[in-house]
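What follows is one structure encoded as structure tokens, with my remarks underneath.
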Amino acid sequence: GSVFAHLVQAPEDPILGVTVAYNKDPSPVKLNLGVGAYRTEEGKPLVLNVVRKAEQQLINDRTRIKEYLPIVGLVEFNKLSAKLILGADSPAIRENRITTVECLSGTGSLRVGGEFLAKHYHQKTIYITQPTWGNHPKIFTLAGLTVKTYRYYDPATRGLNFKGLLEDLGAAPAGSIVLLHACAHNPTGVDPTIQQWEQIRQLMRSKGLMPFFDSAYQGFASGSLDTDAKPIRMFVADGGECLVAQSYAKNMGLYGERVGALSIVCKSADVAGRVESQLKLVIRPMYSSPPIHGASIVAVILRDKNLFNEWTLELKAMADRIISMRKQLFEALRTRGTPGDWSHIIKQIGMFTFTGLNPAQVSFMTKEYHIYMTSDGRISMAGLSSKTVPHLADAIHAVVT
Ligand code: PMP
């Protein structure tokens, strides 16, 4: 018999499992709103034009080689990534008190940051939002941190539970790590206002709580890279320390290239240098060094003024299409006279709408309408199109009436 014969079949990942179920469904009207990947109006995955151009440049350059990158990845990519998220005029960059390492997309950046904190930071507890992206608790637990939650979402208003958030962070032990979604909160689509961010910042700094930003959607929420980075820049502007995990999966459509960056903003260049030396000790035994292709694409685009501008236009177009899907779905429910207040569909931001549908309703919609989504009622707006909005609206109408 096999030495693995005792293994039980593990359950599918709750998010990726939605696609597995979708793929098995033979219905011609089936609709996958589970996975957070952008689709065109035709329902197709999108490779940005600017990415095609960058790849062409890379292929034409015969001097390019396939040697290993350093442990920290592509250095130019790291510098450009820090500039993108913190702003060209950031004091932390000017004073050289930031270290940035290329990691395997957002997930890898969170994991490397988590392991670094577990090894070298005095507090081992990280507070994550309730609810959050399903991978967060697993990433940080395996990194060696203790995961606790803070209140974030209010089901009654389908908006932010700001009072609960302030109470929970106010009650967290001094120095605790706090994971903050930089923008386009997953799964709720609910973000604090700038005034609320300022209150969060003041509270966190007064208690010495360590901000760890997860920036998986820069530019995807509002359509502007600078607007979406604003909360992070507020924390950096006060001179305090923080961590930032960046992903280029959504905003450059580089999902499968696994390209991202972890930045740690420190108080001095001297400390940043030593932090980087320790990050290398985390990375080396984990995967040795990161891949070269995706980071090279990003560097080509970020370093070239014309390509950069082209990228911002393509990014804005993706964000606008998502915003337009929100309006269309909201209108479709209104024309059907669907009972209830659906204004959260247009108030929420980013890739997802947290519909408020419960697991039984979700399961009904899957069974009767072949519409797939996570059981918490999260739908990917990027998976919708003008053609599929009526089908979704019919299903929602049927399930609530
Ligand atoms: N954080 C959040 C909140 C996300 O939604 C995602 C993607 N679903 C990620 C991080 C990481 O994604 P990736 O590893 O593909 O960059």
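No value in this document is a laboratory result; all are computed from the given coordinates. None of these values were measured; they are calculated from a predicted model. All Cβ positions, even for glycine, are placed from backbone atoms using ideal geometry, and neighbour counts span all protein chains on display.
Return the ratio Rg/(2.2 N^0.38 Å) for region 58-127, where Rg is computed over Cα atoms only.
Working it through for region 58-127, the quotient is 1.39.
If r is the Cβ-Cβ distance from Leu281 to Asn135 and R0 is 22 Å, what FRET efficiency results, to the nearest 0.05?
Efficiency, rounded to the nearest 0.05: 0.35.
Give me the percent of DSSP beta bridges within the chain that run antiparallel, rounded to the nearest 5.
Once the DSSP bridges in the chain are tallied, antiparallel ones form about 50 percent.
From the helices alone, meaning DSSP H stretches of at least four residues, give me the mean residue ellipticity at 222 nm for the chain, per-run term -39500 (n - 2.57), in deg cm²/dmol to the nearest 500.
After summing the helix terms and dividing by residue count, I get -14500 deg cm²/dmol.
Sketch the reach of a paramagnetic label on His397 as a point 7 Å from Cα along Cα-to-Cβ, and name the residues of region 315-350 whose backbone nitrogen lies under 13 Å away.
329-339
Enumerate by residue number the GluC sites (Glu not before Pro) in region 67-106 meeting two conditions: DSSP loop (anything except H, G, I, E, B), and at most 13 other Cβ atoms within 10 Å of the site's Cβ.
Glu67
Which of the trypsin sites (Lys or Arg not before Pro) found in region 22-109 are in a DSSP loop and have at most 14 neighbouring Cβ atoms, other than their own, within 10 Å?
Arg62, Arg64, Lys66
Can you give me the Cα centroid spacing of region 9-26 and region 119-196 in angstrom?
So the separation of the two Cα centres works out to 27 Å.
Between Val29 and Ile65, what is the label-point separation in nm under the 7 Å Cα-to-beta-carbon projection?
5.9
Could you grab the Rg to Rh ratio for region 328-374? Cα atoms only, Kirkwood for Rh.
That ratio is 0.97, to two decimals.
Assuming R0 = 56 Å, what is the FRET efficiency of Leu203 and Ser363, from their Cβ-Cβ distance, to the nearest 0.05?
The calculated FRET efficiency here is 0.90.
Once amide H atoms are built 1.01 Å from N in the peptide plane, which residues 5 or more positions from His181, or in another chain, come under 5 Å H to H?
Close amide H contacts, sequence-distant or interchain: Asp214.
What is the percent of Cα-Cα separations in the chain that go past 29 Å?
Of the Cα pairs, 46 percent sit more than 29 Å apart.
Mind pulling up the Rg/Rh value for region 272-347? Radius of gyration and Kirkwood radius, both on Cα.
Ratio of gyration radius to Kirkwood radius for region 272-347: 1.29.
Say we join alpha carbon atoms closer than 10 Å with springs in a Gaussian network model of the chain; which of Pro211, Pro231, Pro359 then has the biggest fluctuation?
Pro359
Helix 269-287 against the longest principal axis of the chain: what's the angle in degrees, Cα atoms only, rounded to the nearest 10?
60
Amide H to amide H under 5 Å from Ser176: which residues, 5+ apart in sequence or cross-chain, H placed 1.01 Å off N in plane?
Under 5 Å from the amide H of Ser176: Met210.
By how many degrees, 0 to 90 and rounded to 10, does the Cα axis of helix 162-171 deviate from the longest principal axis of the chain?
Tilt relative to the chain: about 40 degrees.
Ranked from highest to lowest mean number of other Cβ atoms within 10 Å per residue, what is the order of the peptides 321-327, 291-297, 1-7?
My ranking of the peptides, most packed first, is 291-297, 321-327, 1-7.
Please say if region 8-56 is rounded, prolate or oblate, where rounded means a/c under 1.5 for a ≥ b ≥ c the square roots of the C-alpha gyration tensor eigenvalues, and otherwise the choice is prolate for a/b larger than b/c and oblate otherwise?
Cα axes put region 8-56 in the oblate bin.
Could you pull the Cα extents of region 80-120 along its three principal axes, largest to smallest, in whole Å?
Rounded to whole Å, the extents work out to 30, 22, 10 Å.
Which one, Asn78, Asn306, Asn161, has the greatest fluctuation when you compute a Gaussian network model over the chain with C-alpha springs under 10 angstrom?
The residue with the greatest mean-square fluctuation here is Asn306.
Taking only the alpha-carbon atoms of region 89-223, what semi-axes of the equivalent ellipsoid follow from 5 times the gyration tensor eigenvalues under a square root, in whole Å, largest first?
Ellipsoid semi-axes (Å, largest first): 22, 18, 17.
Choose one answer from His391, His120, His181: the residue with the largest mean-square fluctuation in a GNM of the chain with alpha-carbon springs under 10 Å.
Of the options given, His120 has the highest mean-square fluctuation.
When only DSSP loop residues count, what trypsin sites (Lys or Arg not before Pro) in region 353-401 have their Cβ near at most 13 other Cβ atoms within 10 Å?
Those satisfying the criteria are Lys387.
Just to check I understand the Karplus step: with θ = phi - 60° and J = 6.51 cos²θ - 1.76 cosθ + 1.60, what whole-Hz values come out for region 139-147, glycine and proline as x?
Values, residue by residue: 4, 6, 5, 5, 6, x, 9, 9, 9 Hz.
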